[in-house]
Each structure stands twice: as C-alpha cells, then as structure tokens.
C-alpha cells in the first residue's frame, strides 16, 4: 500500500494522461491505490523482450530507449519513451 501523499500524486498524474481520459474517477482512484512507484537508474534494464507481460509503465520523468534483439544477439533500437507515455503497448490487451 502506498502512502496518502504518493496516492494523491499518482492520481493527479493519471488524471493528466490522455490514455486515461475515458476512465471514470472511481477507476483512477482505484489505480492510484494499487500502483507501484519505482525509480530506475540510468542504464538499468526494466524488462526483457521475453518477459511475460505483467506490468504497464507510466513514464513520469526521464527517457527510456526500447530495444529489440534478434537471434544473433544484435540489438536494434525500436523507439524512445518520453515523459507522460504509457509502455509497453504491444500485448496490453492480450493474455
């Protein structure tokens, strides 16, 4: 469970996101109560492309570079995530 100040901060953040514009206020409140805040250090991996889809991330500040790796181990830059974005979107409605 998160503290009340963080819950209010998360709720305010979610209400300002276009991705959540159509959610009722009760759902925004519910999300703000179960969301987890995590600070990621520069260069830290957030998830691997083979990981099961378990979480949706909301970028508050900073930038994330998404990569894809082929069978030979070569990495290709896929996209950049900037503040106020939700990711990963691929697979969000599956599974």
Report summary line: Residue count, region 15-31, condition in contact with a helix residue (DSSP H, G or I) (Cβ under 7 Å, 6 or more places away or on another chain) and loosely packed, with under 13 Cβ neighbours inside 10 Å, comes to 0
Requested in this report: Answer yes if at least one residue in region 20-33 is outside the structural domain of residue 4 (by TED's automatic domain parsing), under 27 Å from residue 3 (Cα atoms) and either modelled with pLDDT under 80 or not in a helix (DSSP H, G or I) (or both), and no otherwise.
Outcome: no
Report summary line: Checked against (1) in contact with a helix residue (DSSP H, G or I) (Cβ under 9 Å, 6 or more places away or on another chain); (2) exposed (fewer than 12 other Cβ atoms within 10 Å of the Cβ); (3) part of a loop (DSSP other than H, G, I, E, B), residue 12 satisfies every condition except (3)
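The values are calculated or read from the model by the stated rules, or taken from the named source; none is laboratory data. No experiment lies behind these values; they were computed from the predicted model shown. All Cβ positions, even for glycine, are placed from backbone atoms using ideal geometry, and neighbour counts span all protein chains on display.
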